[in-house]
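The values are calculated or read from the model by the stated rules, or taken from the named source; none is laboratory data. Keep in mind the model is a prediction, meaning the values are calculated, not measured. With ideal geometry, Cβ positions are generated from the backbone for all residues, glycine too; neighbour counts draw on all protein chains shown. Note: areas computed on protein heavy atoms with side chains; ligands, DNA, RNA excluded. Shrake-Rupley method; radii C 1.70, N 1.55, O 1.52, S 1.80 Å.
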Amino acid sequence: MAINAKDVKWVEQPKLTLMEKLYVPAIISGMGTTVKHMFKTMGGGGVTVQFPEERPVMPPHFKGLHRLNRDEQGRVKCVACYLCSTACPAHCIDIVAAPSPWPDREKYPETFVIDELRCIYCGMCEEACPVDAIELTTLFDLTGNSRSEMMFDKEKLLSVYDHTTNQGSDPVRTQRGKLGPCSELNEGIKYSNPNRANAQ
């Protein structure tokens, strides 16, 4: 369907003055910002952190290095459901599942590897995990001399959990039940249909 001519609004291209064509107002505005920050820094309100001597305090929702959480018995909390690797847009998570040696779950990750160089730190793995087994911490200064050093396996990810919880910098953020929200479904759910409630 064609647009009616009276509904079309033509916009005139703005005419620039000679000063605007020479970018003089933009340069003055940029210099004003620079001078404002210079006086702020000279007055003691510095905006630059002298890293690594001074370490910045990252906000709690910062998405840094991954960790695998432990349960209350010190075991890896992951149940090898593959939801994190499925949700990962960078395809940097590799899991090999095996039958669990513990009676409270069917599977556990025999190997769990995250390629930290490939990760884009979006947090989708943390969002997808049904048992809160994987979290991103506030650790940001991750370095390595080779690619293999940046491949974090299960033991490395569990050591990040031990380090961050002992240091107190990253308490476990998500607490949705022993084995996720579904583990407490029967306790917390309220049925409006009495027949369904009696069936439980």
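A few points about this structure:
- Tally of residues being outside any loop (DSSP other than H, G, I, E, B) and either of a type in the set (Ser, Thr, Tyr) or touching a helix residue (DSSP H, G or I) at 6+ places or on another chain (Cβ under 7 Å) (or both) across the range 99-108: 1
- Candidate set: the range 109-146, residues that are in a loop (DSSP other than H, G, I, E, B) and among the charged types (D, E, K, R); chosen: the one most open to solvent (accessible area, probe 1.4 Å): ARG118
- Conditions (1) open to solvent by less than 20 Å² (accessible area, probe 1.4 Å); (2) touching a helix residue (DSSP H, G or I) at 6+ places or on another chain (Cβ under 9 Å); (3) more than 27 Å from ASN166 (Cβ to Cβ); number of the one not met by CYS84: (3)
- Top-ranked residue in the range 57-79 [being closer than 17 Å to ASP115 by Cα and in a loop (DSSP other than H, G, I, E, B); ranked as nearest to the chain's Cα centre (by Cα)]: LYS63
- Failed item in (1) open to solvent by 60 Å² or more (accessible area, probe 1.4 Å); (2) free of Cβ contacts under 8 Å to residues at least 40 places away in the same chain; (3) closer than 23 Å to TYR121 by Cα, with GLU106 passing the rest: (3)
- The test for being open to solvent by less than 30 Å² (accessible area, probe 1.4 Å) and among the acidic types (Asp, Glu) does not hold for GLU149.
- So GLY45, is it without any contact (Cβ under 8 Å) to a residue 40 or more places away in the chain, farther than 17 Å from VAL131 by Cβ and part of a loop (DSSP other than H, G, I, E, B): yes
- Search result, residues across the range 1-24 that are among the charged types (D, E, K, R) and either outside any loop (DSSP other than H, G, I, E, B) or surrounded by 10 or more Cβ atoms within 10 Å (Cβ to Cβ) (or both): LYS6, ASP7, GLU20, LYS21
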